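**Student:** Take a look at the following structure, please.
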Amino acid sequence: MSADIWYIYGAGGLGVETMDMLQNAIRQGTEKAYRLAFLVDDPRQAELMGLPVVAVGSHVSGARVTIAVGEPSARAMLAEKVGTLGLVLASVVSPLAFVSSHAQLGNGVIIAPYVSVQATAKVGNNVAVNTASILGHDVVVEDNTVISSQVSLGGGVHVEALGYVGMGALIKEKLHIGSSSIIGMGSVVHSDVPSDVIVLGNPGRVVRRNEDKKVFR
């Protein structure tokens, strides 16, 4: 039955990490047992991690799916696509993460091991938060955003949709990060960031516009 199937959409690095998290959640009993598979547009292999790789179009309608790609614009595109495919966005939360009972998670969220999501934080739909990142109290992360590993978002930070925060970046409390902006790896951000820009350094400064709306070029 479709209700017993869970696809991870994407077979790259984030795909295998997310599948590993989901398998561990099943082993730990925080998720029930599902039939698992990778879902891709153009399969190059029949199997990965001992699991089937299924082509889009050969999938089972009504199944769960978690999008596991690291490009925010691609996440948004795939989120629209899975709706037309009759799939249901589902969240993968590592048993090794802390998510406050007073926090809110949207649909299709990835919460990796050792992530901390604090009280009254709000995480939108189709957001990926990677290993050991901290979302402080009252943080808002809007749809289709990617938070890389070891990022710290101070209390009250607001990251608009389609944002990308690189590994090890620090963002001071109560700041606002505009939509489709990129915070580079290791940056330390002390002031608000407008939309559609790339910020690098310590202190973080706008270095150019994010004209093509891409992180990975």
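**Student:** Take the conditions out of contact with any Asp or Glu (no Cβ under 6 Å at 6 or more places or on another chain), at negative phi and modelled with pLDDT under 95 and apply them to residue 83. Does it pass?
**Tutor:** Values: out of contact with any Asp or Glu (no Cβ under 6 Å at 6 or more places or on another chain): yes; at negative phi: yes; modelled with pLDDT under 95: yes.
Spelling it out, residue 83 is indeed out of contact with any Asp or Glu (no Cβ under 6 Å at 6 or more places or on another chain), at negative phi and modelled with pLDDT under 95.
**Student:** Just one of (1) among the aliphatic types (A, V, I, L, M); (2) over 23 Å from residue 89 (Cα atoms); (3) not in a strand (DSSP E or B) trips up residue 199, so point out which.
**Tutor:** Result: residue 199 passes all but (3).
**Student:** Being outside any loop (DSSP other than H, G, I, E, B) and in contact with a His (Cβ under 9 Å, 6 or more places away or on another chain) is the filter here, so list the residues in the range 152-169 that pass it. Before the answer, list the steps.
**Tutor:** Step one: list which residues in the range 152-169 are outside any loop (DSSP other than H, G, I, E, B), which gives 152-153, 158-159, 164-165.
Once the filter is applied, which keeps residues that are outside any loop (DSSP other than H, G, I, E, B) and in contact with a His (Cβ under 9 Å, 6 or more places away or on another chain), the range 152-169 yields 158, 159.
**Student:** Being crowded, with 17+ Cβ neighbours inside 10 Å, farther than 27 Å from residue 113 by Cα and either in the same structural domain as residue 102 (by TED's automatic domain parsing) or not acidic (Asp, Glu) (or both): is that true of residue 144 here?
**Tutor:** Working: crowded, with 17+ Cβ neighbours inside 10 Å: yes; farther than 27 Å from residue 113 by Cα: no; either in the same structural domain as residue 102 (by TED's automatic domain parsing) or not acidic (Asp, Glu) (or both): yes.
Taking the combined requirement at face value, the residue does not satisfy it.
**Student:** Looking at residue 134, is it buried (at least 24 other Cβ atoms within 10 Å of the Cβ) and either in contact with a strand residue (DSSP E or B) (Cβ under 9 Å, 6 or more places away or on another chain) or over 30 Å from residue 205 (Cβ atoms) (or both)?
**Tutor:** Values: buried (at least 24 other Cβ atoms within 10 Å of the Cβ): no; either in contact with a strand residue (DSSP E or B) (Cβ under 9 Å, 6 or more places away or on another chain) or over 30 Å from residue 205 (Cβ atoms) (or both): yes.
The answer is no for residue 134.
**Student:** So residue 11 passes all but one of these: (1) touching a residue at least 60 places away in the same chain (Cβ under 8 Å); (2) in a loop (DSSP other than H, G, I, E, B); (3) buried (at least 16 other Cβ atoms within 10 Å of the Cβ); (4) out of contact with any helix residue (DSSP H, G or I) (no Cβ under 7 Å at 6 or more places or on another chain). Which condition number does it fail?
**Tutor:** So residue 11 meets the others, but not (1).
**Student:** Separate question: Between 180, 149, 101, 191, which is in a loop (DSSP other than H, G, I, E, B) and in contact (Cβ under 8 Å) with a residue 60 or more places away in the chain?
**Tutor:** Values: 149 fails: in contact (Cβ under 8 Å) with a residue 60 or more places away in the chain; 101 fails: in contact (Cβ under 8 Å) with a residue 60 or more places away in the chain; 191 fails: in contact (Cβ under 8 Å) with a residue 60 or more places away in the chain.
Exactly one residue qualifies, and that residue is 180.
**Student:** Looking at the structure I just gave you, is residue 215 under 24 Å from residue 78 (Cβ atoms), surrounded by 17 or more Cβ atoms within 10 Å (Cβ to Cβ) and touching a residue at least 40 places away in the same chain (Cβ under 8 Å)?
**Tutor:** Numbers: under 24 Å from residue 78 (Cβ atoms): yes; surrounded by 17 or more Cβ atoms within 10 Å (Cβ to Cβ): yes; touching a residue at least 40 places away in the same chain (Cβ under 8 Å): yes.
Against the criterion (under 24 Å from residue 78 (Cβ atoms), surrounded by 17 or more Cβ atoms within 10 Å (Cβ to Cβ) and touching a residue at least 40 places away in the same chain (Cβ under 8 Å)), residue 215 qualifies.
**Student:** Follow-up question, since we're still on this one. Determine whether residue 36 is in a strand (DSSP E or B) and modelled with pLDDT of 95 or more. Show your work before the answer.
**Tutor:** Working: in a strand (DSSP E or B): yes; modelled with pLDDT of 95 or more: yes.
Considered against the rule, which asks whether it is in a strand (DSSP E or B) and modelled with pLDDT of 95 or more, residue 36 comes out as yes.
The values are calculated or read from the model by the stated rules, or taken from the named source; none is laboratory data. Only a predicted model underlies this, so the values are computations on that prediction, with no experimental measurement involved. When we count neighbours, we look across all protein chains shown, and the Cβ atoms used for this are built from the backbone with ideal geometry, even at glycine.
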